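Report on the structure given below.
The values are calculated or read from the model by the stated rules, or taken from the named source; none is laboratory data. Remember, predicted model here, so these are calculated numbers, not experimental data. We place every Cβ from the backbone using ideal geometry, glycine too, and count neighbours over all the protein chains shown. Keep in mind that these areas ignore ligands, DNA and RNA; they rest on the heavy atoms of the full protein, side chains included. Shrake-Rupley method; radii C 1.70, N 1.55, O 1.52, S 1.80 Å.
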Amino acid sequence: MIFLGAPGVGKGTQAEFVASRFHVPKISTGDLLREGVAKQTPLGLKAKGYMDRGDLVPDEVVIGLVQEKLSSSECSLGFLLDGFPRTVAQADKLSELLADQGLALDHVVHFVLPREEIVRRLSGRRSCSKCPAVYHIESIPPKQNGVCDQCGADLVQRSDDRPETVQSRLTVYEQQTAPLIDYYKRKDLLFELDGSGPVEAVQDRLLALLSKPRVE
Ligand code: AP5
């Protein structure tokens, strides 16, 4: 399964839910890259400049990351890709990797949300500095301002959620990632999901969509 959509549409929030509900590993290239940046690994140091500008990290870097994850035994029964692929070159490479392993995609879920709501969600996002928890200052606030409910660590704003970087991420999405919508439509794998409304409403729509039998 792939979650596709513009920055801030709620892919990560719903990916956490689906991964725990269906016990499938979630592979988020954004999370893997941020982990590399935080630990100052060679990969993280290479990726940081691109991420801070809101650009995509080069294909060969992210493809290497995903290749390593997909070949691990935990992915042999299924997986959820959040934020990958993001270019046609990445999608072509993914098809090759899956074919090599005798695997096939079931769903490519395209999250749809108006641009003004995307900007509102990104500008209010706060992430835990220690654990994967993500909040929104208005719609999903923590119990105590600036403190993670799960682990008590400080909440921080992602450096790429600054307004000027958000605009360039949205432009990069339109130019480099949106072509994947037609790419997967042509393969008859694309499912549109209305990403508006409360988290629980989106969850319900997503579960309904995933339970629809695939027409072969
Ligand atoms: P990445 O981390 O993948 O960022 P993204 O795709 O831009 O997506 P986001 O994490 O911003 O948003 P989301 O859709 O997950 O929304 P969320 O659930 O958090 O990538 C970051 C960078 O890494 C890229 O710019 C690039 O540089 C690099 N990168 C990553 N993958 C790459 C690749 N494949 N190739 C090349 N480069 C790559 O929700 C957003 C906010 O809204 C949160 O505050 C949340 O609490 C809130 N929210 C969620 N749902 C709702 C709801 N229903 N109602 C109200 N609020 C909600």
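Some observations on this one:
- Looking only at the range 181-215, and only at residues there that are touching a Ser or Thr at 6+ places or on another chain (Cβ under 8 Å) and open to solvent by less than 80 Å² (accessible area, probe 1.4 Å), the one that is modelled with the lowest pLDDT: V199
- Residue check, Q14 near the ligand (Cβ under 10 Å from one of its atoms), closer than 23 Å to A208 by Cβ and touching a residue at least 24 places away in the same chain (Cβ under 8 Å): yes
- K69 open to solvent by 30 Å² or more (accessible area, probe 1.4 Å), away from the ligand (no atom under 11 Å from the Cβ), under 17 Å from the mean Cα position of the chain (by Cα) and basic (K, R): yes
- Given (1) surrounded by fewer than 17 Cβ atoms within 10 Å (Cβ to Cβ); (2) in contact (Cβ under 8 Å) with a residue 40 or more places away in the chain; (3) aliphatic (A, V, I, L, M), number of the condition I2 does not satisfy: (1)
Per-residue answers, yes or no, for (1) without any contact (Cβ under 8 Å) to a residue 24 or more places away in the chain; (2) open to solvent by 20 Å² or more (accessible area, probe 1.4 Å); (3) within 11 Å of the ligand (Cβ to nearest atom):
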site: D82; (1), (2), (3): no, no, yes
site: P85; (1), (2), (3): no, no, yes
site: A91; (1), (2), (3): no, no, yes
site: H107; (1), (2), (3): no, no, no
site: V119; (1), (2), (3): no, yes, yes
site: S123; (1), (2), (3): no, yes, yes
site: R126; (1), (2), (3): no, yes, yes
site: I137; (1), (2), (3): yes, yes, yes
site: I140; (1), (2), (3): no, yes, yes
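- Among residues that are near the ligand (Cβ under 9 Å from one of its atoms), without any contact (Cβ under 8 Å) to a residue 40 or more places away in the chain, open to solvent by less than 50 Å² (accessible area, probe 1.4 Å) and within 16 Å of R169 (Cβ to Cβ), A47 is included.
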